[in-house]
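What follows is a set of notes on a single structure, which appears directly below.
Laboratory data are not the source of any read-out in this text; all were calculated from the coordinates shown. Note that the structure is predicted; figures quoted are calculated from it, not measured. Positions of Cβ are backbone-derived with ideal geometry, glycine not excepted, and every protein chain shown enters the neighbour counts.
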Amino acid sequence: MPVSRDAARAALEEARPRAERGPASRRLTPRRLAPGGILLGPVVLVILWEAACRLGWLSPRVLAAPSTVLVTGFDLLASGALTYHFLASAKRAYLGLGVGVALGVVFALIAGLSRIGEATIDGTVQIKRAIPTLALIPFGILWLGIGDLMKVAIISLSVFIPVYVNTHAALQGIDLRYVELARTLGLTRLEFVRRVAIPGVMPGFFTGLRLAVTTCWTALIVLEQINTTEGIGYLINRARDYGQTDVIVVGLAIYGALGLGSDLIVRIWARRVLSYRRVLAS
């Protein structure tokens, strides 16, 4: 039976990708936000904050204005104090982040690829997940002292959980067709991990890593309140004793900027690594 021209045109239109069907469809297709677009919210917040301070709605004793905070930050930077304390904090945070991420990935692969590993590891991790990491600080002090070793260990535990949970979940979500194909091709266990498991867990790994890069700074804020003589937390603690709200905000702004910057770097990295995936965020 011959097909009419209108029917053929309708079928062709239906077969075309949705994003190519016309102006209306293009308007409905979500567009990817530029990496710098996430700064819009913080910029608006700072503008409203500055306006509230200039209009007298916020007292300097309660919260210093952003302009005052900026001047104080430049003064601390010029004196070298800010750089010194920043480097001390960065060393603790990123060392703990590196250790926690490495352990999270390794244990997730062991638990996801072995029944014995899952039986011995996953339950223990879920129990630890229910216990706030910062609640373990007393034990950390008793076992490791009050130095940097304890702080790095606590940060590593904080980072370990989101990396493990998301990587392990992604590993369990790998399509069984790929597993069957690997068996058909006769891949060894090492080749399976390299060619199937690791590529398959990358989306979950990056989700966990995004949580981890902010978690390490959140944990550090608390840990640097414990017997420290250097670091951003020490700077904030000392400013609190003297009622210097501008210095406190400088420290908090640094924590926020580092968390936001770290998350932005991970997002850009994830887009490049996962460029083969056509998803809403891409």
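Based on Cα contacts under 8 Å between residues 6+ apart, segment 145-217 shows a relative contact order of 55 percent. Net charge of the neighbourhood of Ile116, taken over other residues with C-beta under 15 Å away and scored Lys/Arg +1, Asp/Glu -1, is 0.
Of the listed peptides 232-239, 146-153, 110-117, what is their order by residue-averaged count of other C-beta atoms within 10 Å, with the highest listed first? Intermediate results must be reported in sequence, preceding the final value.
Numbers: 232-239: 20.5, 146-153: 18.6, 110-117: 15.2.
The packing order, highest mean first, is 232-239, 146-153, 110-117.
Arrange the following residues from fewest to most other Cβ atoms within 10 Å of their Cβ: Thr120, Thr167, Thr133.
Working: Thr120 12, Thr167 29, Thr133 22.
Ordered by Cβ neighbours within 10 Å, fewest first: Thr120, Thr133, Thr167.
Peptides 218-231, 190-203 ranked from most to least packed give 218-231, 190-203, packing being the mean of other C-beta atoms within 10 angstrom over each peptide's residues. In this simple spin-label model, placing a label point 7 Å from the Cα along the Cα-to-Cβ direction at both Thr188 and Ile141 gives a separation of 5.0 nm.
Normalised by the residues of segment 96-185, what does the relative contact order come to in percent, with Cα pairs under 8 Å and at least six apart?
Numbers: 70 pairs, mean separation 43.2, N = 90.
For segment 96-185, the relative contact order is 48 percent.
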